[in-house]
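The structure appears below as structure tokens.
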Ligand code: GLU
């Protein structure tokens, strides 16, 4: 395989799909060496097949807003790869959603899911619907309209969507209700991220953030460090940032900065449990202004408009918001302020320049597909509970999540250890995920 050649063909085939091409390039560059030691993969054209989604559905979603006006959005589901199990991955509701964004997310999801040790293929979906400022009734009508179409292509053994940016427990509830109404199928495992009384799993809302911190603990341990007393900056205002802030604090870390689209809140004494609860409240009411945090907690949180969390001096950076949210300049600023570790919790949260900078400058870095896999892994645990028609106790789910994150860390170490003994977590995660999917594709023939 020659990465340059493959990328050139892909760029011609999919012009302008920047995020998708970026995600593919990152994976191909890190697996090139290993891939070329496997002529059987080359012969079966595994890469050429793996970089294309198996299928994509695009549909119109029409709904009526509170003013009585008709609104039209686009809905998508990308069924990327089913070699190791049914398609699994979230739904993103955000005004910037495009097919390119969902293709990059579906591609990443395929490897991430492979890393979880569970039999799940990769998928992703969503809409350019913007939930910010929408009423609860509008959210419900949109979710119902979205499900009118999506229901044709999902099912517990086929494709199991879940939440992502803009989609949490409330949206999953509205979609699940509509799915059952339309299909008269009452299997609890059609969507994951459900409420606890109707098939959900303990810890699913917290799982991405909790898993990220369990992974971070292992990474720090391997490097001879620990999280206690360390200053942490994080970005984002969804479930993920909330879970990360909660677990980081529980483990003895000090979250001193959180940022949103409007700026950053500096919290010199560290985030408090009340502030963590408030993060969740803000997410449920579709507000995403971090400034509200400073207004609510005067004297404890200071708002700085237009600045990112990466401008505050910390030990550890945890991007938890959106792809490409941390640039090379941000990485330089972090280092200049003493940061020595960045665990990417968002999907592709760091720009390629930032990753290269971290790696060149000895800053510990781990990619989203390893760090944030606890979310989808717990979705996998939810599917198992649904299939068995039972509910595991919180301690059982937490122990399994712990074990899965440890095993993802081990896979990264196995495939990413360099000659000098350091671990390249990007290489490790990409190679481990790739090998599993490639082998499964090879063994199942040309389909
Ligand atoms: N959206 C999450 C992710 O990026 C979770 C997906 C799921 O639970 O299926 O992995």
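A short reminder: the numbers here are calculations on the coordinates, not readings from a lab. Since the structure is predicted, the reported quantities are computational estimates derived from the model, not experimental observations. Cβ atoms come from the backbone with ideal geometry, glycine included; neighbour counts cover every protein chain shown.
Values as computed for the structure displayed
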item: Per-peptide average of other Cβ atoms within 10 Å, ordering 113-126, 268-281, 91-104 highest first; result: 113-126, 91-104, 268-281
item: Gyration tensor verdict on the range 82-218 (Cα atoms; rounded if a/c is under 1.5, prolate if a/b is larger than b/c, oblate otherwise); result: rounded
item: Beta bridges per DSSP with both ends in the chain, % antiparallel, nearest 5; result: 55
item: Debye log10 I(q)/I(0) at q = 0.19, 0.26, 0.33 Å⁻¹ for the range 300-346, Cα point scatterers; result: -0.60, -1.05, -1.31
item: Mean Cα-pair separation over length for the chain, i.e. relative contact order, pairs under 8 Å, 6 or more apart, %; result: 15
item: Scaled radius of gyration (Cα, divided by 2.2 N^0.38 Å) that the range 33-93 gives; result: 1.80
item: Cα gyration tensor category, rounded, prolate or oblate, for the range 257-395 with a/c compared to 1.5; result: oblate
item: Computed [θ] at 222 nm, deg cm²/dmol, the chain (DSSP H ≥ 4; -39,500 (n - 2.57); rounded to nearest 500); result: -15000 deg cm²/dmol
item: Relative frequency of Cα-Cα separations exceeding 32 Å in the chain, percent; result: 34
item: Convex hull per residue volume in Å³, alpha carbons only, for the range 168-212; result: 63
item: Three semi-axes of the equivalent ellipsoid, the range 233-324, Cα gyration tensor, whole Å, largest first; result: 16, 15, 14
item: Dimensionless Rg ratio for the range 337-403, taking C-alpha atoms and the 2.2 N^0.38 Å reference; result: 1.52
item: Euclidean distance between Cα centres, the range 336-364 to the range 114-177, Å; result: 31
item: Isotropic mean projected area of the C-alpha convex hull, the range 92-134 (nm²); result: 3.3
item: Packing-based order for 59-69, 337-347, using average beta carbon neighbours within 10 Å, highest first; result: 337-347, 59-69
item: Shape of the range 294-374, Cα gyration tensor, a/c cut at 1.5; result: prolate
item: Mean Cβ neighbour count within 10 Å, used as a protection proxy, ranking 136-145, 48-57 highest first; result: 136-145, 48-57
item: Cα centroid of the range 214-250 to Cα centroid of the range 382-429, whole Å; result: 16
item: Space enclosed by the convex hull of the alpha-carbon atoms of the range 183-241, per residue, Å³; result: 121
item: Within the range 1-147, percent of DSSP bridges classed antiparallel, to nearest 5; result: 75
item: Kirkwood Rh, Cα atoms: Rg over Rh of the range 358-436; result: 1.09
item: Choice from 327, 30, 422 showing the highest fluctuation, given a GNM over the chain with Cα pairs closer than 10 Å; result: 422
item: Computed Rg/Rh of the range 170-281, alpha carbon atoms with Kirkwood Rh; result: 1.09
item: Rg(Cα) / (2.2 N^0.38 Å) computed for the range 64-160, rounded to two decimals; result: 1.17
item: Taking only Cα atoms of the range 150-194, radius of gyration then Dmax in Å; result: 9.7, 28
item: Debye log10 I(q)/I(0) for the range 1-141, one point scatterer per Cα, at q = 0.18 Å⁻¹; result: -1.03
